Each structure stands twice: as structure tokens, then as C-alpha cells.
Amino acid sequence: MTGTFKGGWLREMWKRLGKGLLVVYNALLVGKRVVVLGTDEAVEEISRRVLALARLFSPPFTPSAFLAGVYPFFPNYSFESGGWLIGTDTLPDEKSYDVLYDLQDGSLKSERFTSSIDLSKFSHYDDLFYNNIQKYMQTSTPSETKLQSFFHSYTYHLAELVLEKEDSDSQKEEWESNSVRLEMMRSTPFYKHYRESKSHKKFKDPHIPLYIRRLRVKKTMTDSDLIRYYKAFKESVGSSTQLDDFEFLLPPESGLNLLGTGLLHTSEKVRFYAIGMFTHFNELLSGKLATRMNSFYYLTYVRLVSRTETPIII
């Protein structure tokens with residue numbers, strides 16, 4: 001029996017499974033069949049673990065695009081169709097799943113999945129990810145929400161690697177190391193939904209998603225590129241709804257703060273366009289830009305706006 005963990009269902013699974021949780025994560029990420037078995041558990045207890053696992057991917061993926069459910073008996077449908085997460089109290093046939101997590105003894109059966117994919121290809125990146133979480137979990141009060149955010153950011157990064165590959169050949173080494181799982185993830189319905197949600201059709205400038213990916217990936221940018229991007233962001237986002245769509249393209253851990261570095265740029269001209277962009281966003285938010293940025297960048301913006309400077313002639 002698992003006992004109670006007072007809401008920390010993901011923390012519980014992390015402590016019980018350790019790196020095994022990453023096996024479950026990768027199986028779900030590439031569209032494999034995962035079962036949470038609770039032979040002596042109440043349906044509510046099984047449901048909480050299923051929900052905690054489904055939340056590993058949301059954001060960035062939309063829950064509705066991810067097939068998950070809890071059944072008092074194992075559902076009778078095509079077991080060969082992949083890409084689902086099921087909770088049940090009935091032991092299924094071993095051919096009907098790729099990974100099975102048994103809540104009673106905390107065991108993980110994953111041979112069917114691990115024999116179909118070479119996890120060592122991308123183990124370096126997973127090890128770094130695991131070590132970062134493990135370091136955090138050793139703090140006095142690890143948060144369930146914070147633990148979820150680690151997975152959200154990692155999933156976002158992997159999804160963006162695929163999008164970046166489709167647009168250019170940047171991050172070639174990281175792509176090649178992760179290509180096995182990324183190519184499999186690319187065919188899942190939740191990734192396809194993610195890609196569609198980032199469609200260029202939502203913006204006047206069709207390259208907006210590409211501009212954001214370049215800002216996120218490249219370590220150095222020319223002044224002219226930054227100015228072009230800030231102008232495009234301002235001109236392409238014309239309503240609060242579009243601003244929400246625009247923010248969806250940004251990394252979940254940074255949001256608009258990704259653009260805040262432009263306020264600190266050594267070029268007065270770059271700062272000018274960054275100020276113009278954020279002023280436009282502030283107007284769309286009815287003066288509530290502070291709710292979308294950290295205090296450092298927001299106060300920098302306020303200081304620059306209030307400071308009297310010689311207008312820049314473009």
C-alpha cells in the first residue's frame with residue numbers, strides 16, 4: 001500500500017522510483033503505453049498518481065491532447081494502439097503495456113519499452129536533469145509545484161528542439177544525441193497539437209516563433225536582429241488575446257523576461273525598441289505589465305520610460 005502523502009503525489013513517486021520516474025516520463029513522451037496498477041488501492045488513489053504523471057507535460061502540452069484515464073477494470077480496446085496512460089486495479093496482460101508502475105510494492109516493469117529504445121543515447125541530458133532535481137529535493141521543503149516545473153521546462157526544451165530542427169540546423173549536437181526520442185515524440189498527437197498551437201498563422205509576421213527560438217538559443221545577437229525582432233513583436237501583437245498567444249511561445253520559466261535583457265542593452269537604439277515593445281504590451285494589459293515580468297526588469301522598464309532622453313531618429 002502506498003499510504004498517504006498529503007498531496008505530494010509526484011514527490012512520492014520521485015522518492016519511490018528515483019530515476020525510474022524518468023523511464024515513465026520518456027515512455028509517455030514518445031507515445032508508449034503506461035499503466036499505473038493499484039490492486040489494493042482505492043480508485044481515488046490511483047487517479048491521483050495518473051493525474052500527477054499527466055501533469056508532467058502540461059504545460060507545454062495540452063491535457064486534452066493526451067489520452068489518460070482510470071478504469072476499475074482494464075479497458076477492452078486495441079492494445080496495439082500506443083500513447084496512453086491508464087490507471088487500473090486489474091493486472092493486465094504483459095503484452096498490453098510498455099511500462100507498468102505497481103503502487104503496491106513500488107516496482108516498475110519497463111522491459112518492453114527499454115528494449116525498444118536506446119536510453120543511453122540521451123542519458124547524459126537525463127542525468128543532468130535528474131541531478132538538478134535531486135539537489136532540489138534535498139532542500140528542507142521541496143514543493144510539488146516546483147518539482148512539476150522542472151518537468152515542464154525540460155519538456156518545453158525538448159519540444160522546442162524539434163521545432164528548431166524543423167526550421168534550421170542549430171543545436172546540432174544536442175539534436176543528434178536526442179534524435180531517437182525526439183523523432184518518436186514528433187509523431188505523437190500531443191506534439192502535433194503543440195506544433196499547431198504555435199502556428200505562424202496567428203501573427204502578422206509568420207516568423208515570430210522562429211525569432212523567439214533564436215532569442216532563446218543564440219548566445220549573441222546583432223543589434224539589427226534584436227531591433228527587427230522587437231519591431232516585429234510590437235507590430236504582430238495587436239490584442240491581449242494575441243499577447244497570451246505570444247507568451248505561450250516563450251519559455252514557461254521566463255515568459256516576457258526573456259525579452260527584458262533588451263532593456264539593459266548597451267545600444268541606446270536597441271533599448272529604444274525594447275521600451276517601445278514593452279510600452280505596447282503594457283497598453284494591451286491596461287497598465288498591468290508588472291504582473292507579467294519580474295520586478296527587476298519591470299522597474300528597469302519604468303526607470304527608462306521616466307528618464308528624459310534625446311529621441312532617437314530612425
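The values are calculated or read from the model by the stated rules, or taken from the named source; none is laboratory data. Note that the structure is a prediction, hence the values are computed from the model and not measured. When we count neighbours, we look across all protein chains shown, and the Cβ atoms used for this are built from the backbone with ideal geometry, even at glycine. Please note that ligands, DNA and RNA were not included when accessible areas were found on the heavy atoms of the full protein model with its side chains. Shrake-Rupley method; radii C 1.70, N 1.55, O 1.52, S 1.80 Å.
Figures for the structure shown
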{"read-out": "Candidates ARG16, ARG55, ARG49, ARG11, filtered to the one that is in contact with a helix residue (DSSP H, G or I) (Cβ under 8 Å, 6 or more places away or on another chain), assigned to a helix (DSSP H, G or I), at pLDDT 90 or above and open to solvent by 40 Å² or more (accessible area, probe 1.4 Å)", "value": "ARG11"}
{"read-out": "Pick from segment 282-294, criterion open to solvent by 20 Å² or more (accessible area, probe 1.4 Å) and in a helix (DSSP H, G or I), ranking: nearest to VAL237 (Cα to Cα)", "value": "LEU284"}
{"read-out": "Selection count, segment 108-129, where residues are part of a loop (DSSP other than H, G, I, E, B) and either modelled with pLDDT under 95 or open to solvent by 40 Å² or more (accessible area, probe 1.4 Å) (or both)", "value": "5"}
{"read-out": "Where a residue in segment 269-280 is farther than 16 Å from GLY238 by Cα and its partner, wherever it lies, is of a type in the set (Val, Ile, Thr) and part of a helix (DSSP H, G or I), with Cβ under 7 Å and at least six apart", "value": "LYS269/ILE227; VAL270/ILE227; TYR273/ILE227; ILE275/VAL305"}
{"read-out": "Yes/no for VAL70 being open to solvent by less than 50 Å² (accessible area, probe 1.4 Å) and modelled with pLDDT of 90 or more", "value": "no"}
{"read-out": "Test: LYS201 is assigned to a helix (DSSP H, G or I), in contact with a helix residue (DSSP H, G or I) (Cβ under 7 Å, 6 or more places away or on another chain), within 28 Å of GLY83 (Cβ to Cβ) and modelled with pLDDT under 80", "value": "no"}
{"read-out": "Count of residues meeting criterion [open to solvent by 10 Å² or more (accessible area, probe 1.4 Å) and assigned to a loop (DSSP other than H, G, I, E, B)] in segment 31-46", "value": "6"}
{"read-out": "Residue among THR266, THR279 that alone is among the hydroxyl-bearing types (Ser, Thr, Tyr), surrounded by fewer than 17 Cβ atoms within 10 Å (Cβ to Cβ) and part of a helix (DSSP H, G or I)", "value": "THR279"}
{"read-out": "PHE248 surrounded by 18 or more Cβ atoms within 10 Å (Cβ to Cβ) and either of a type outside the set (Val, Ile, Thr) or under 20 Å from LEU299 (Cβ atoms) (or both)", "value": "no"}
{"read-out": "Pairs, first within 17 Å of THR139 (Cα to Cα) in segment 3-19, second at pLDDT below 90 and of a type in the set (A, V, I, L, M), C-beta under 9 Å, six or more apart", "value": "LEU10/LEU56"}
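Yes/no per residue for (1) open to solvent by less than 70 Å² (accessible area, probe 1.4 Å); (2) touching a Leu at 6+ places or on another chain (Cβ under 6 Å):
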{"position": "MET185", "(1), (2)": "yes, yes"}
{"position": "PRO189", "(1), (2)": "no, no"}
{"position": "LYS192", "(1), (2)": "no, no"}
{"position": "SER197", "(1), (2)": "yes, no"}
{"position": "ASP205", "(1), (2)": "yes, no"}
{"position": "ILE208", "(1), (2)": "yes, no"}
{"position": "TYR211", "(1), (2)": "yes, no"}
{"position": "VAL217", "(1), (2)": "yes, no"}
{"position": "MET221", "(1), (2)": "yes, no"}
